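Okay, structure first, notes after.
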Amino acid sequence: MKSYLSLLWITALCLCVSGCSNYRELNQIGVIIGMGIDENKNSEEPYKVTYQIINPSGLSQGSSSGGQGLPVINYTVTAKTLVEALKKASVVIPREHITSHLSLIVVGEKLARNGLSLLFDALDRGKQARTSIPVFIARDGTAEKLLGVIEPFEVTPVKSILSTSQNNQKMYGIVSNVQGYEVISMLLSEGKDLSLPGININKPSQKAEEAGNLDNTSPSAMQVKGLAMFRKGKLVRWLDGDEARSVQLVTSEVKSTALVFPCSINENITVTATGIKSKIKTKIRHGQPFIHTDLNVMGEITETSCQKDLSNPKVLKELEKEVQNEIQKEITKTIHIAQKEKADIFGFGDSLSRTNPRYWRQHKQNWENLFSSAKISMNVNVSIVNTGMRTNPYEVN
């Protein structure tokens, strides 16, 4: 009986003290969802940091209770360090601001070209922020400007950037999202250089940062714009189109893409690839690194203007061979660009460190030069599994 009464007292006590003691309403705090980092002209305060904060009143405009303003509000401060910027933001942000919901970091191109260095130290060291935050480069502009766009489709610019990049990775494969911890890992790595997706405004205008942007059937909006190639933490050049996609093919980051190849004059064939796997092999021959890549692509013919008998297995084999050759050309071209820049964004050095650790320990300090002169070979295997709902294209008289 005593034990039963004790249990009742404990239960009653728990009910009295239970609940969220630190619970606060959304309209009592400033929830930071995005952060833009730009270079400041004043060298004494080298960072210009933009914080995008949720405006609860603006988010509720669609409800019956109404609302005021836009869904987000941007605040910009300058500081010596990122931590100082966060603290300093209290002079303009009227509520206690928190970074536990930070979901995006955008770095201005000028700052990226001067070097990221230890920019993300605070992110890795802090208690509130997470390192699983995607990082982007604001191409041809500033992060402040990018985060100021009033988006037509998504509620916030942050959501638009994330959705656009994820959709691109799923549908076309030019870029893939890179998390904060991956950025730190690549900056520290001796066998892989950093590459980050670029984002910019497709139609820059004065109205891009105004609600009037939504009154246009062709408004300013976010777009994925190439892959930023880094060497020793500094942005050295951009890769666009097939060059950017080639990097994703080698690193197996492409989920699906459309491969378009000529089959005759003014005629093309489109192969939609859905099964893409690659494997990197590294060897040492005569004291020099030798890099080999195996790439397997599975796809189907989804469009063609070529007058070919696609029901003929021999014709399909010939098309597979042509597609293989074109893919090999694209990837070889991109690898040569990376070798010229001495930027191993593919991670060939990482592969070498695992397969030949002794050689790597002896030569890792000189890897950028060894990589730039390394012999490259490639084997591409393309399998066309079907030709769609018809075999041959219709003929127009």
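Taking first residues from segment 307-330 that are aliphatic (A, V, I, L, M) and partners that are part of a loop (DSSP other than H, G, I, E, B) and open to solvent by less than 90 Å² (accessible area, probe 1.4 Å), the Cβ contacts under 7 Å between residues at least 6 apart in sequence or on separate chains come to LEU310/THR387; LEU310/THR391; LEU310/ASN392; VAL315/LYS308; VAL315/ASP309; LEU316/LEU310.
Residues checked against (1) open to solvent by 60 Å² or more (accessible area, probe 1.4 Å); (2) more than 25 Å from the chain's Cα centre (by Cα); (3) at pLDDT 60 or above; (4) of a type in the set (Val, Ile, Thr):
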| residue | (1), (2), (3), (4) |
| --- | --- |
| ILE10 | yes, yes, no, yes |
| LEU15 | yes, yes, no, no |
| SER21 | yes, yes, no, no |
| GLY36 | no, no, yes, no |
| GLN61 | yes, yes, no, no |
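Please tell me if LEU104 is in contact with a helix residue (DSSP H, G or I) (Cβ under 9 Å, 6 or more places away or on another chain), open to solvent by less than 10 Å² (accessible area, probe 1.4 Å) and of a type outside the set (Phe, Trp, Tyr). So LEU104 passes the test. Evaluate segment 256-279: report whether one residue or more is at pLDDT below 90, part of a loop (DSSP other than H, G, I, E, B), buried (at least 20 other Cβ atoms within 10 Å of the Cβ) and not acidic (Asp, Glu). No; the residues of segment 256-279 include none that is at pLDDT below 90, part of a loop (DSSP other than H, G, I, E, B), buried (at least 20 other Cβ atoms within 10 Å of the Cβ) and not acidic (Asp, Glu).
Scanning segment 333-350 for residues that are buried (at least 16 other Cβ atoms within 10 Å of the Cβ) and in a helix (DSSP H, G or I) yields a total of 9. When residues in segment 216-255 are screened for being within 26 Å of GLY115 (Cα to Cα) and assigned to a loop (DSSP other than H, G, I, E, B), 5 of them pass. Take the conditions modelled with pLDDT under 90, in contact with a strand residue (DSSP E or B) (Cβ under 9 Å, 6 or more places away or on another chain) and surrounded by 14 or more Cβ atoms within 10 Å (Cβ to Cβ) and apply them to LYS308. Does it pass? Yes; evaluated as a whole, the condition is true for this residue.
Looking only at residues of segment 127-139 that are out of contact with any strand residue (DSSP E or B) (no Cβ under 6 Å at 6 or more places or on another chain) and open to solvent by 30 Å² or more (accessible area, probe 1.4 Å), we find that the one that is modelled with the highest pLDDT is THR131. Residue count for segment 66-82 under the criterion of being closer than 21 Å to LYS41 by Cβ, open to solvent by 20 Å² or more (accessible area, probe 1.4 Å) and of a type outside the set (Ser, Thr, Tyr): the result is 3.
Pairs linking a residue in segment 279-302 that is more than 18 Å from ALA374 (Cβ to Cβ) to a residue that is open to solvent by 50 Å² or more (accessible area, probe 1.4 Å) and of a type in the set (D, E, K, R), with Cβ atoms under 6 Å and 6 or more positions apart or on different chains, are ASN296/LYS277. Taking (1) of a type in the set (S, T, N, Q); (2) over 30 Å from GLU267 (Cα atoms); (3) outside any helix (DSSP H, G or I) in turn, SER353 satisfies each apart from (3).
Looking at the structure I just gave you, is LEU118 open to solvent by 40 Å² or more (accessible area, probe 1.4 Å), within 25 Å of PRO46 (Cβ to Cβ) and among the hydrophobic types (A, V, I, L, M, F, W, C)?
Working: open to solvent by 40 Å² or more (accessible area, probe 1.4 Å): yes; within 25 Å of PRO46 (Cβ to Cβ): yes; among the hydrophobic types (A, V, I, L, M, F, W, C): yes.
So LEU118 fits the description; yes.
Residues of segment 161-197 that are in contact with a strand residue (DSSP E or B) (Cβ under 7 Å, 6 or more places away or on another chain) and either surrounded by fewer than 16 Cβ atoms within 10 Å (Cβ to Cβ) or part of a helix (DSSP H, G or I) (or both): ILE161, LEU162, THR164, SER165, ASN168, GLN179, GLY180, VAL183. Within segment 360-376, the set of residues being closer than 24 Å to GLU330 by Cα and surrounded by fewer than 13 Cβ atoms within 10 Å (Cβ to Cβ) comprises ASN369, SER373, LYS375.
Of everything in segment 333-389 that is touching a helix residue (DSSP H, G or I) at 6+ places or on another chain (Cβ under 6 Å) and aromatic (Phe, Trp, Tyr), the residue that is farthest from LYS281 (Cα to Cα) is TRP367. Among the residues of segment 140-160, is there at least one that is crowded, with 20+ Cβ neighbours inside 10 Å and either closer than 23 Å to GLN339 by Cα or free of Cβ contacts under 8 Å to residues at least 12 places away in the same chain (or both)? Checked segment 140-160: no residue is crowded, with 20+ Cβ neighbours inside 10 Å and either closer than 23 Å to GLN339 by Cα or free of Cβ contacts under 8 Å to residues at least 12 places away in the same chain (or both).
The values are calculated or read from the model by the stated rules, or taken from the named source; none is laboratory data. Keep in mind that what you see is a predicted model, and the values were worked out from it rather than measured. Reconstructed Cβ throughout: ideal geometry from the backbone, glycine too, with neighbour counts over all protein chains shown. For the accessible areas, the whole protein counts, side chains as well, though only heavy atoms, and no ligand, DNA or RNA atoms are used. Shrake-Rupley method; radii C 1.70, N 1.55, O 1.52, S 1.80 Å.
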